[in-house]
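See below for the structure under consideration.
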Amino acid sequence: MRRSKIRALAVLVAFGLVGAACGSDDDGGAGSDAAPVTESPAATTAAAPDDGDTGSTSPASPGTTAAPAAPADDGEPQSGGDLTFLTTNEIRGLDPTMISGGSSTGTTIANAIYDALMMNDNATGELVLGTAESITSDDGVVWELMIRSGIEFTDGTPYDAEAVKFNWERHQNPDVGSQHRGPASNIETMEVVDPLTLRLTLRSPNLQFPRTIARYLAYIASPTAIQDLGEGLATNPVGAGPFVFDKWERDSQLVVVRNAGYWNAPLPYLDSITFRPLPDDSQRKNTFETGDDMVLYTTVPSLAQSIADGDDSVTMAHTVLNGGASLIFNVRKPPFDDVRLRQAFAAAIDIPDLIEVIQGEDGIPAITLFEQTSPFYADVPLSQYDPERAQDLFDEVAAEKGPITFTLSGLQGTLSQTTAEYLQAALAAYGVEAAVEIRTLAEGAPKVYAGEFEAQLWGFSFGDPEPDLAEAFIPGSPRNFTGFDDAEAGEAFLAARASDDVDARREEYLKVQEIFAEEVPQLLYQRYQAFNVAKGNVHGVTAYEDGNVITAEIWLESA
Amino acid sequence: MTRFFASRIAYLVPVLLLVSLLTMLMVDLIPGDPAVAILGANASAEELAAVNEALGTNDPLPTRYSQWVGDIVRGDFGQSLRTRQPVIDELLARLPVTLEIAALAGLLALGLSVPLALIAAHRPGTRFDRALRGASSTLISSPSFLTALLLVYALAVTWEVFPPTGWVRLSEDVSENLHHALLPSLALALGEAAVYFRVLRADLVTTLQEDFVLAARARGLRSRYVLVRHALRPSSFSLVTIAGLSLGRLIGGTVIVEVLFGLPGLGQLTVQSILAKDYLMVQGIVMFTALGYVIVNLGVDVLYHQLDPRLRRAS
């Protein structure tokens, strides 16, 4: 890939006013401890005390650092213009209870309409505060969340502690069917201390709880609108974000227009954004190439590359996540309850070759748990191609237990099929027989949740290891699908969760990586990449977590 | 004619009941859990169970079906499991798009095939006739997505005559609506046009050898007049039949075309609903489609009566 064309922005550029309008080198960082926090510079200007140090005064408050500035070559932001954002799929609804934390499209749109309380920065391991002024805790059980003053939803309802409580109680209500009932249920009680302060009591200590908020509970809708509209909120959302919902024609276009009363003025720069879901890659590319003022989102490296090859002026926000696509083993039952077999897999597969086959030269093999840009990266390979060792291990197991056969399951999708077939062929060379089963998500996912699989192609990408990675491997977690119950790994995850120091967390995650390398609960093979490709005149496109874009910062350069 | 209509409409109720029952059975046979579409790919078994309990998707099929029929009788199509929105609202929003694409494709197919079949049948075996037959064979054997992509490459990307994707409602802007609808309709129409052409051409060639045509020619009538006024009508039975039957194909074809062109029609909704096991939405879509199919076939029967006076006398 031509790196010169790609601004490798596997980082979050904070969602505030960036660039010339703010002191981007301003170091607001005091108390750089627990779940560190990056303060939005513009937000600081708008709502913080004169010293600019918000959210960092409490002893156990997440630390504060400056947001990176927008790339210098972007120039002075200009206001006005209409942007078209081409996405890969339509979302279920615009209700915060329906917006998936791992959906780039959903989160990008939710950011536009609702804004976010806080967000995770993959690159620095820090949190970025949005509509939250601060979030602090001394013990990881009782938290105080302060909301910025003066924010209103676009229907005039105050955006305050009561509104946050109302939204989170709704997530907890089983009758609502929220996607985020699990994360919200970590909160035992909520108490409105004053109009802008919400006190939370968690069921168990978690000094990284703000990351769960950032990932799953960040979007707050107007309580008035929720009460008035009920389930109609899904098609007529009311938030306090930089844009106001205008109209939505499912599978065609969703239009949002500038919120003139946005709390973080002068953002946003654009007059409107039209989100258009186009599932077909080639048609999304055709539409991008024949249109103006556009951003295109894709997770297919070759598509992004082919656009870059055809137009020198386009720019890309390129996101590479930690973790990635992997083959997870059900360690609760044969044959993968035998660690030798799992270790054999980690030695049997030539991961770079697999990636070359399924994604071509633009794919990224995942050998370590974290990307090198992550603060938690350690050079601990989770797999090492060694066919002789693999054969020895397979032979040892086969001599003891008979021929090795298993079912290799995957979810529908081109890469699943190709990957499964590659693995099937590669393992056959060692005398291991894999029966491939590809299922729809609706069919395959419940089997994974219920532990009814042997080896499953599954994805678990994450920015910060909290909460997703930890939940996937802590013994007894309802999302621990592999059944991996290594007590030492569990303790390391809990110790990292209980720590408010990045270095201490790094040490704990190092232990986890070493255990993973030895115990192989899953065979990681491919990093997920996200590309937000922008026309040459579209500036301020930066991405975080799953490739989500903060649309308030985007601006168009007039001809 | 009144009795004819009454008897046809009397068929409608059992047909729709049977179709809805079979649809419910088929959707039920598809393995999978509708709660996954609601909770996403990172839920837990307990959360799935709670959602299924709340939605009633664990109830036995006869219970769900009888409840659905009861609701339909009261005019309530239910609520989509996936989007939580009323099924009827979604259907009414999307139906015009699919109907417009299918109708436009049908008209384009007829508009292309009938004149070409008349010309080809007028002098069968000529170079023009052979070329058209070759082209029609190629189009029939090409999948619609391939035809669509080639059309997009030529007309949208290279010459930029049409937009490659997108939709503008007829109520918003008629010319922009047609601008966006023509390319997907053409992609859908070409395959149908090729079939229509071959059927009509074959029937015309046969009809043109009939005595009454020879008699007309012997009376000195112009070829064009003989073709259009004497030969076309008796040659149209097969065409009318397959044009009526092709509604199902055209609606089926919109599934691919709508995804490819980003159109907010029933096709996309059908795919998404089946994959998510959103059975209430699938039921609603199938009901509307079946109703449309029955009505079009009723129209075909009426047309038969108009084309052939003997049928009118018989009924």
How many residues of the stretch A:202-239 are within 16 Å of A:A116 (Cβ to Cβ) and within 22 Å of the chain's Cα centre (by Cα)? The answer is 14
Have a look at B:L107, B:L91, B:L81 and point out the one that is at pLDDT 90 or above and either more than 14 Å from every other protein chain (Cβ to nearest Cβ) or assigned to a loop (DSSP other than H, G, I, E, B) (or both).
B:L107
Only one of B:V97, B:V114 that is within 25 Å of B:F237 (Cβ to Cβ) and of a type in the set (V, I, T):
B:V114
Tell me which helices (runs of 4 or more DSSP H) are completely within the stretch B:247-315 and hold 1 or more residues being touching a residue at least 60 places away in the same chain (Cβ under 8 Å), on the phi < 0 side of the Ramachandran plot and within 14 Å of chain A (Cβ to nearest Cβ), or say none if there are none.
B:266-275, B:279-307
Among residues of the stretch A:275-288 being free of Cβ contacts under 8 Å to residues at least 24 places away in the same chain and crowded, with 19+ Cβ neighbours inside 10 Å, the residue nearest to A:T88 (Cα to Cα) is A:D280
Candidate set from the stretch B:36-53 (those that are at the interface with another protein chain (Cβ under 7 Å from one of its Cβ atoms) and surrounded by fewer than 20 Cβ atoms within 10 Å (Cβ to Cβ)); member that is farthest from B:A276 (Cα to Cα)
B:E46
Somewhere in the stretch B:263-280, is a residue among the charged types (D, E, K, R) and buried (at least 19 other Cβ atoms within 10 Å of the Cβ)?
yes
Being touching a helix residue (DSSP H, G or I) at 6+ places or on another chain (Cβ under 6 Å), in a helix (DSSP H, G or I) and not charged (D, E, K, R) is the filter here, so list the residues in the stretch B:196-212 that pass it.
B:Y196, B:F197, B:V199, B:L200, B:L204, B:V205, B:T207
Selected residue (criterion: surrounded by the fewest Cβ atoms within 10 Å (Cβ to Cβ)) from residues of the stretch A:166-189 that are in contact with a Phe, Trp or Tyr (Cβ under 9 Å, 6 or more places away or on another chain) and more than 13 Å from chain B (Cβ to nearest Cβ)
A:N186
Residues (within 14 Å of another protein chain (Cβ to nearest Cβ) and of a type in the set (A, V, I, L, M, F, W, C)) located in the stretch A:428-464:
A:I438, A:L441, A:A442, A:A445, A:V448, A:A450, A:F453, A:L457, A:W458, A:F460, A:F462
Per the list (1) within 14 Å of another protein chain (Cβ to nearest Cβ); (2) basic (K, R); (3) within 30 Å of A:P77 (Cβ to Cβ), residue check on A:R479 breaks on (3)
Condition check for B:I119: assigned to a helix (DSSP H, G or I) and either of a type in the set (S, T, Y) or free of Cβ contacts under 8 Å to residues at least 24 places away in the same chain (or both):
yes
Would you confirm, using the coordinates I've provided, whether A:A534 is touching a strand residue (DSSP E or B) at 6+ places or on another chain (Cβ under 8 Å), buried (at least 23 other Cβ atoms within 10 Å of the Cβ) and within 14 Å of chain B (Cβ to nearest Cβ)?
no
Quick one: A:R332 ticks every box in (1) surrounded by fewer than 23 Cβ atoms within 10 Å (Cβ to Cβ); (2) out of contact with any Asp or Glu (no Cβ under 9 Å at 6 or more places or on another chain); (3) in contact (Cβ under 8 Å) with a residue 60 or more places away in the chain; (4) within 14 Å of chain B (Cβ to nearest Cβ) except a single one, so which number is it?
(2)
Output the number of the condition that B:T158 fails; it satisfies all remaining conditions of (1) of a type in the set (S, T, N, Q); (2) buried (at least 17 other Cβ atoms within 10 Å of the Cβ); (3) without any contact (Cβ under 8 Å) to a residue 60 or more places away in the chain.
(2)
For the stretch A:459-506, which residues satisfy the criterion of being touching a residue at least 40 places away in the same chain (Cβ under 8 Å), in contact with a helix residue (DSSP H, G or I) (Cβ under 7 Å, 6 or more places away or on another chain), surrounded by fewer than 22 Cβ atoms within 10 Å (Cβ to Cβ) and of a type in the set (D, E, K, R)?
A:R479
Between a residue in the stretch B:208-232 that is more than 11 Å from B:H122 (Cα to Cα) and any residue that is among the β-branched types (V, I, T), which pairs come within a Cβ distance under 7 Å, given they are 6 or more apart or on different chains?
B:V213/B:T207; B:V213/B:V226; B:A216/B:V226; B:R217/B:V226; B:H230/B:V213
Residue that is surrounded by the fewest Cβ atoms within 10 Å (Cβ to Cβ), among those in the stretch A:113-159 that are more than 23 Å from the chain's Cα centre (by Cα) and more than 23 Å from A:V193 (Cα to Cα):
A:D155
Out of everything in the stretch B:7-30 that is within 13 Å of another protein chain (Cβ to nearest Cβ) and not β-branched (V, I, T), what residue ends up being surrounded by the fewest Cβ atoms within 10 Å (Cβ to Cβ)?
B:L29
Quick check on this structure: which one of B:L149, B:L186 is away from chain A (no Cβ under 13 Å) and surrounded by 14 or more Cβ atoms within 10 Å (Cβ to Cβ)?
B:L186
Of (1) more than 13 Å from chain B (Cβ to nearest Cβ); (2) over 22 Å from A:R479 (Cβ atoms), A:P205 satisfies every one except (2)
Quick one: how many residues across the stretch A:533-559 are assigned to a loop (DSSP other than H, G, I, E, B) and either in contact with a Ser or Thr (Cβ under 8 Å, 6 or more places away or on another chain) or at negative phi (or both)?
13
Here are some residues: B:D59, B:D33. Which one is of a type in the set (D, E, K, R) and within 14 Å of chain A (Cβ to nearest Cβ)?
B:D33
So the helices (runs of 4 or more DSSP H) completely within the stretch A:430-532 holding 2 or more residues that are in contact with a Leu (Cβ under 6 Å, 6 or more places away or on another chain) are A:441-449, A:502-519
Within the stretch A:316-345, the residues that are within 30 Å of A:V295 (Cα to Cα) and in a strand (DSSP E or B) are A:M316, A:A317, A:H318, A:T319, A:V320, A:N322, A:G323, A:G324, A:A325, A:S326
Any idea how many residues of the stretch B:62-78 are within 17 Å of B:S273 (Cα to Cα) and either within 14 Å of chain A (Cβ to nearest Cβ) or without any contact (Cβ under 8 Å) to a residue 12 or more places away in the chain (or both)?
1
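Conditions (1) of a type in the set (S, T, Y); (2) at pLDDT below 90; (3) on the phi > 0 side of the Ramachandran plot, marked per residue:
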| residue | (1), (2), (3) |
| --- | --- |
| B:H179 | no, no, no |
| B:L188 | no, no, no |
| B:Y196 | yes, no, no |
| B:A202 | no, no, no |
| B:T207 | yes, no, no |
| B:R224 | no, yes, no |
| B:L232 | no, no, no |
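The values are calculated or read from the model by the stated rules, or taken from the named source; none is laboratory data. These numbers were taken from a predicted model, which means no experiment stands behind them. Please note: Cβ atoms are built from the backbone with ideal geometry, for glycine as well, and neighbour counts cover all protein chains shown.
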